[in-house]
Amino acid sequence: MKSKFSFLYIYLTDRCNLGCIHCWQSAPLEGTGKYSSLKFDECKEFLDDAVAMGLENITFSGGEPLLNPEFHRFVEYFYKNSIRMTVETNGMLIGNKNILDTIRKYRVYCAVSLDGVNPETHNKHRGNNKAFDRTLESLYKLEQEKIGFQLIMAISKFNYHELVSLLDMVNEKFKTCNAFKINIVNTLGRAGEMEKDGLLFKAEELPALSEEVAALIGRYPIISLHVDPAFVDFKNFRLKFSCGGYCGYNSGLSILANGNVSICSLGKQMDKYLFGHISSIDLKDVWENNPFLEENHDNIHSRLKGICSNCIFRKQCLGGCRAEALCAYGDFFAPAPRCQAYYDSGNFPKSKLIDPALSSHYPG
Amino acid sequence: MTEATGDCRIQKTPVIIEDTVVLVKNPGVTVREELEEDGKYILFNAENELILTINPTGKFILDNCTGDKTAAQIVKEIENSFTVSEDIDLSTVVKNYLSLLLEAELVTFGEG
């Protein structure tokens, strides 16, 4: 059965007002590089097609999506069409009255990045010495307005030690924060430099990390961990977790800031994963007939290679972030790099292998 | 007796299990881990790639789906092996559970 189209990831702009040291997209800073922003009128027809095809959810991302001057028009459109909206934002601009009014009026769910409890930590991670104060100010406004929101903490060895104190602060100050997602910084984009400095978690460290997070869930029930399930012990399955970077490409597509349609921001780097421009693309035709999507929508789990081909989670995880696998190995069906490293080091649990006797090295 | 793990869900369906029904454990179902703390077992079904947890009583029932016992005989096995409260309609409980195992494709109909 053909996968149902229900989701759009919309990169409203690739412009950003922060210079995060871990930005996986290496988004250009304001005024320092060329950037694109989506224009609502150019998107309208494409969005009408998406709504007609059963669109249910959209996520705005960027760059910093709130920098798109037409944010209001996009939001109003989706609200009128009863589409659930999430905006992934660094929170710097939520305090702006117009933006806050838009978020409140059109019920946009905010997923705000906050990487530390100490201003210096967050500011250094975010590359801006005013970031912490501005983001906190925005969060206080959301709290004041009783608007529910999610916090996202991108963790590395640089800031992990602040996780519990940050959770304590959130518990104390932000009653409207109803979800706290922990993302593990991966090697994409600018985070490559962090890897050189030894700041990123290695595969073999992830099981202990997931164990520690699982132990916190009683005290902080709002937490979830974005990590491949292979790193979570069965006994910790009560922990809310999801696959590292799993993009959900079999339920939706992405619109890049320049108007190109792709499976995800991977389309920025590789033309092969672009399906055309919103101004000319027939969404229904692409979704139903594009050879790449046709071939992979429903059975990618059976085409994955290396450890992913022999992992009992492959049907749920679908190999995690395909962009990460592509960047590491140059192959869309390559294994999730951290899972492969875990297997190659001899630590991957046999109980999580479909066939424990089968060699799962990559390349084979 | 079972609960979903990860993204997996068991959908309850009204499959009626008669006393004479014979079920056999799917050969693709293997125990992957025993959780010592709460006594549960992690099962993996290679056919549909579902991951499930099951408690010791559930595992006892599953292990008794050997293809040569009827549902009524499995109920008897439980009566003989566990202390069962008098106010429980064991036959109905076990047959409903067998129905769930069937729906989760952990067992299939045997020859009988």
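Computed from the coordinates by the stated procedures, all read-outs in this text should not be read as laboratory data. Remember, predicted model here, so these are calculated numbers, not experimental data. Cβ: placed from backbone, ideal geometry, glycine included. Neighbour counts: every protein chain shown.
Mind jotting down the distance between the C-alpha centroids of region A:223-270 and region B:13-86, whole Å?
35
Given a cut-off of under 8 Å on Cα pairs at least six residues apart, what relative contact order in percent is computed for chain B? Please report the intermediate quantities before stating the final value.
Values: 180 pairs, mean separation 43.8, N = 112.
Worked out over chain B, it gives 39 percent.
What is the local net charge at A:THR176, summed over the other residues whose Cβ is closer than 9 Å to its Cβ (Lys, Arg +1; Asp, Glu -1)? Show your work: numbers first, answer last.
Details: positive: A:LYS146, A:LYS175; negative: A:GLU143, A:GLU145.
Net charge around A:THR176: 0.
Identify the residues of region A:123-141 with backbone N under 15 Å of a label point that sits 7 angstrom from the Cα of A:LYS173 along the Cα-to-Cβ direction, or state none.
Backbone N within reach: A:123, A:130-141.
Using a/c under 1.5 as the rounded threshold, could you call chain A rounded, prolate or oblate? The axes a ≥ b ≥ c are square roots of the C-alpha gyration tensor eigenvalues, and prolate needs a/b larger than b/c, oblate otherwise.
Working: a/c = 1.64, a/b = 1.10, b/c = 1.49.
Oblate.
With θ set to phi - 60°, apply the Karplus curve 6.51 cos²θ - 1.76 cosθ + 1.60 along region A:70-78 and write out the HN-Hα couplings as whole Hz, x wherever there is a Gly or Pro.
So the J values, rounded to whole Hz, are 9, 3, 4, 5, 4, 5, 4, 4, 5.
Among the listed pairs A:LYS105/A:LYS146; A:LYS39/A:LYS130; A:LYS141/A:LYS173, which are separated by more than 22 Å between their Cα atoms?
The pairs that break the limit, which is 22 Å between Cα atoms, are A:LYS39/A:LYS130.
Give the average, rounded to an integer, of partner chain Cβ atoms located within 10 angstrom of each Cβ in B:29-42. List each step's numbers first, then the result.
Numbers: counts 0, 4, 1, 8, 7, 2, 4, 1, 1, 1, 0, 2, 1, 6.
For peptide B:29-42, the averaged partner shielding equals 3.
With the cut-off at 1.5 for a/c, could you classify region A:176-235 from its C-alpha gyration tensor as rounded, prolate or oblate?
On the way: a/c = 2.62, a/b = 1.53, b/c = 1.71.
Verdict is oblate for region A:176-235.
What are the ³J(HN,Hα) values, in whole Hz, obtained from phi via the Karplus relation 6.51 cos²θ - 1.76 cosθ + 1.60 with θ = phi - 60°, for each residue of region B:18-24 in sequence order, with x given for Gly and Pro?
Working through the residues one at a time gives 7, 4, 8, 5, 10, 10, 10 Hz.
Could you pull out the pairs from A:LYS124/A:LYS240; A:LYS315/A:LYS350; A:LYS4/A:LYS181; A:LYS268/A:LYS315 whose alpha carbons sit more than 20 Å apart here?
A:LYS124/A:LYS240; A:LYS4/A:LYS181; A:LYS268/A:LYS315
What Kirkwood radius, in Å to one decimal, follows from the Cα pairs of region A:274-313? Working shown, then result.
Values: mean 1/r = 0.0838 Å⁻¹.
About 11.9 Å, per the Kirkwood formula over Cα pairs.
So which chymotrypsin sites (Phe, Trp or Tyr not before Pro) in region A:235-309 end up in coil per DSSP with only 10 or fewer other C-beta atoms within 10 Å? Don't jump to the answer; show the numbers that get you there.
Numbers: sites: A:PHE237, A:PHE241, A:TYR246, A:TYR249, A:TYR273, A:PHE275, A:TRP287, A:PHE292; in loops: A:PHE237, A:TYR246, A:TYR249.
Qualifying residues, ordered by number: none.
What is the average number of partner chain Cβ atoms found within 10 Å of a Cβ in A:344-353? Working shown, then result.
Numbers: counts 0, 0, 0, 0, 0, 2, 2, 7, 5, 2.
Mean shielding by partner chains, rounded to a whole number: 2.
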